[in-house]
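The block underneath contains the structure these notes are about, expressed in structure tokens.
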Amino acid sequence: MTGQWWNERAGAFWGKAGRYLRLIGNSGFMFALYILLFAGAVFYPAFLDWLPQSPWVVIALWLIFSVLTLRGPIRPFVQSGDLVFLLPLEKRMAPFFKKSIRYSAALQGVEVLAVYIVLGPVIQERTAAGGAGYIGMLLLLLVITFLTTFIKWEEWKWHDHTHRYISTAVRWVWPALLMLAAWWGSIFLAGAGLLGVIGHWQLVKRRSASMLLRWEVLLEAENHQLAKFYRFVQSFAEVPHIEVKIKRRRWLASLVDKFTHKQENTYLYLYGKAFVRSGEYAGMFIRLLVVCGLVMYAFAPEWMRLGIGGLFLYMTAVQLQALKSHYATIDWPDLYPVPLRWKEQAFITFTRALLMVQGAGIILLHAWIGQSLLVTAALALFVVLLLLYYPRWVTRRKQKEMV
Amino acid sequence: MTALLNINHITGGYNIHKPVLHDLEFDVDPGEIVGLIGLNGAGKSTTIKHVLGLMEPAEGVIYINSKTIHEDAEAYRKQLAYIPESPILYEEMTLWEHLRLTAMAYGVPEGVWEERSERLMETYQMSWRKNWFPNHFSKGMRQKVMIMCAFLVEPKLYVVDEPFVGLDPVAIKSLLDMMVEMKENGAGILMSTHILATAERYCDRFVLLHEGRVALKGTMKEIQEQAGMPGANLDDLYIEVTKGEITS
């Protein structure tokens, strides 16, 4: 029966996730992915030629596959209510959790498979794992991934930190043996890696045979995994039920504290703290500047760089508008004895100052990357014009929203 | 003496065709605590939302010091501070920043707000949590932030909705002491609560609501007389009101 519950929960999640993924597919993300794949295909042979003939390549491979096989995030599919209602059924939950572990391992396996295929040419060229060895090595990596997920599950039951640390450290040995096996072409070492991980799994299982599940750890893992998925989705679409992470950002936040203590600055203070600490406002702002620099660097024609600079500044302006409704669900700003028009003014003043900083950043980037001072000057002119027109643009948008 | 808060024949609710409040009428004077008592759904929180200006009455007017919110919204709001039933906090602000923002919004001058804040944090044993974010606060601590913000402003009128939920006994005592102190300094307090024994001890007058109507109002003695139950305590009066047989 509990296995049936698992199917229902996973089905419900995938129903929801499917709708979000479709939304992402339609958002231009797929296009960006194609471009990335295309660029990768173009540059990959050059990268292979450049890659030096050294043991460091094997060490890098070991690190990559160790992280991939050992990370094994487990999605237990528990809910907060389970801590009350399912606790008495713990002994009968085995089919449920077995499905959770297999599901998590399978997802991780897909990740390993994808990276293995991408790195295939490196593995075949730089190690002894060619032909049948190449497939064999992949299978062994997948086995390690699966067993590691089971090992991790058992470790979760332990209260004792020391044993958990030791077990975690030991897990790194098995992929290392595989990589050495691939480097030297030694079947013996590969077999040792396989036997090692099976032995490890059996030991861990025996140790935790009589231990109870730690439900709170499971719930925490569940929330963490879900939040990770929703955070990814949030870069493309609005996710209503995501817990926004607050970052302290001491230095930036202290800049906001510099606003003079007077009633007129109430909303400036509010917007300032929200921008610095909440959601992804500050992250988005910096990312746009960095990407702008990269794109400018990639596209050589000067007139294109001018367009790119303008486009990214405009994109920043559009993204910043989200800040306006940041406090829409909280009553306090409506209760303060502060005129409503100050709120509007504060929003314009604050976001305009941010755009000025972004504009200056983009101009500096162009001065550094570009070759034409005339285009830099044109970009500066564009920034000034946008800043002048900005208040009217915000008011117009507001009127349009009202209609 | 003009009333500090005058609720003048208010009818209102979420839907104009189905009002929750029916012709409410009562006052809060300076220097008194008025208890707003009623069952869940009797209309206490809706009354409070009308006082705050978050809801508009379909009929009737609310005055604070003879001014309506439409005459001068800022002057109206400046005179009151609100402690909500469920704490509403800015997740991206620390305790200290909540206090600073409140001081800014209500025009509490620099120098004054810091001194008051330090005192409040000490009273509510929150000094060492000064730089904490709300997501690390328990329900009671969140409520303490609300209380501190309200008392930081030192307004003429306090509107307090179920303030004791989740508070520890020391904090409840501090809150009550502070309310008495503010009352003695001339402030008026409208407090909705279910803790009747506390209400009976601390409130000067009572408004008992039932199904959106004032069932009884006045001092303890007056409501006993209105109910025809001399010597009855607030619990008994309240139970009697909920039977729906007493209407003013």
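Quick notes on this structure:
- Filtered by the rule that a residue be over 13 Å from the mean Cα position of the chain (by Cα), among the aliphatic types (A, V, I, L, M) and not in a helix (DSSP H, G or I), region B:176-199 gives a lone residue, B:I195.
- Candidate set from region B:79-104 (those that are charged (D, E, K, R) and either in a loop (DSSP other than H, G, I, E, B) or more than 9 Å from every other protein chain (Cβ to nearest Cβ) (or both)); member that is surrounded by the fewest Cβ atoms within 10 Å (Cβ to Cβ): B:E91
- Filter pass, A:K273 being within 14 Å of another protein chain (Cβ to nearest Cβ) and surrounded by 18 or more Cβ atoms within 10 Å (Cβ to Cβ): yes
- Across region A:276-297, the qualifying residues are those that are within 20 Å of the chain's Cα centre (by Cα) and among the β-branched types (V, I, T), and the one among them that is nearest to the other protein chains (Cβ to nearest Cβ) is A:V276.
- Filter result (under 14 Å from B:H50 (Cα atoms) and either within 10 Å of chain A (Cβ to nearest Cβ) or touching a Ser or Thr at 6+ places or on another chain (Cβ under 7 Å) (or both)) within region B:67-78: B:A73, B:Y76, B:R77
- Subset tally (residues that are touching a residue at least 60 places away in the same chain (Cβ under 8 Å) and surrounded by fewer than 16 Cβ atoms within 10 Å (Cβ to Cβ)) for region A:119-146: 2
- Qualifying residue in region A:63-70 (condition: of a type in the set (V, I, T), farther than 22 Å from A:A12 by Cβ, surrounded by fewer than 21 Cβ atoms within 10 Å (Cβ to Cβ) and within 23 Å of the chain's Cα centre (by Cα)): yes
- Test result for B:F151, surrounded by 22 or more Cβ atoms within 10 Å (Cβ to Cβ), closer than 19 Å to A:W332 by Cβ and among the aromatic types (F, W, Y): yes
- Filtered residues of region A:151-176 (kept if over 23 Å from A:E216 (Cβ atoms), surrounded by fewer than 18 Cβ atoms within 10 Å (Cβ to Cβ) and touching a Leu at 6+ places or on another chain (Cβ under 9 Å)): A:W172
- Total residues in region B:36-66 satisfying the condition of being away from chain A (no Cβ under 14 Å), closer than 20 Å to B:L4 by Cα and not in a strand (DSSP E or B): the figure is 5.
- Test set (1) part of a helix (DSSP H, G or I); (2) surrounded by fewer than 16 Cβ atoms within 10 Å (Cβ to Cβ) - A:M179 fails condition number: (2)
- Note on region B:173-198: residues that are under 18 Å from B:E122 (Cα atoms) and touching a residue at least 60 places away in the same chain (Cβ under 8 Å) amount to 1.
- Residue within region A:304-312 that is of a type in the set (K, R), more than 11 Å from every other protein chain (Cβ to nearest Cβ) and over 30 Å from A:L374 (Cβ atoms) present: no
Table: residues versus (1) hydrophobic (A, V, I, L, M, F, W, C); (2) under 15 Å from the mean Cα position of the chain (by Cα).
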site: B:C203; (1), (2): yes, yes
site: B:G212; (1), (2): no, no
site: B:K221; (1), (2): no, no
site: B:M229; (1), (2): yes, no
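- Which numbered condition B:M1 misses (of (1) at pLDDT 95 or above; (2) surrounded by fewer than 20 Cβ atoms within 10 Å (Cβ to Cβ)): (1)
- Members of region A:71-88 found to be over 26 Å from the mean Cα position of the chain (by Cα) and within 24 Å of A:H224 (Cβ to Cβ), listed by number: A:G81, A:D82, A:L83, A:V84, A:F85, A:L86, A:L87
- Scanning region B:120-146 for residues that are more than 14 Å from B:L89 (Cβ to Cβ) and within 22 Å of the chain's Cα centre (by Cα) yields B:L120, B:M121, B:T123, B:Y124.
- All positions within region B:200-218 that are buried (at least 20 other Cβ atoms within 10 Å of the Cβ) and not in a strand (DSSP E or B): B:C203, B:G212
- Selection of region A:248-259 for residues being more than 9 Å from chain B (Cβ to nearest Cβ) and in a loop (DSSP other than H, G, I, E, B) yields A:R249, A:K258.
- Members of region A:313-344 that are touching a residue at least 60 places away in the same chain (Cβ under 8 Å) and more than 14 Å from every other protein chain (Cβ to nearest Cβ): A:L313, A:Y314, A:A317, A:Q321
- Listed by first and then second residue, the pairs with beta-carbon distance under 7 Å, at least 6 apart or on different chains, first residue in region B:105-117 and more than 8 Å from chain A (Cβ to nearest Cβ) and assigned to a loop (DSSP other than H, G, I, E, B), second among the β-branched types (V, I, T) and buried (at least 21 other Cβ atoms within 10 Å of the Cβ), are B:V108/B:V153.
The values are calculated or read from the model by the stated rules, or taken from the named source; none is laboratory data. As the structure is a prediction and not an experimental result, all values here were calculated from the model. Neighbour counts run over all protein chains shown; Cβ positions are idealised from the backbone, glycine included.
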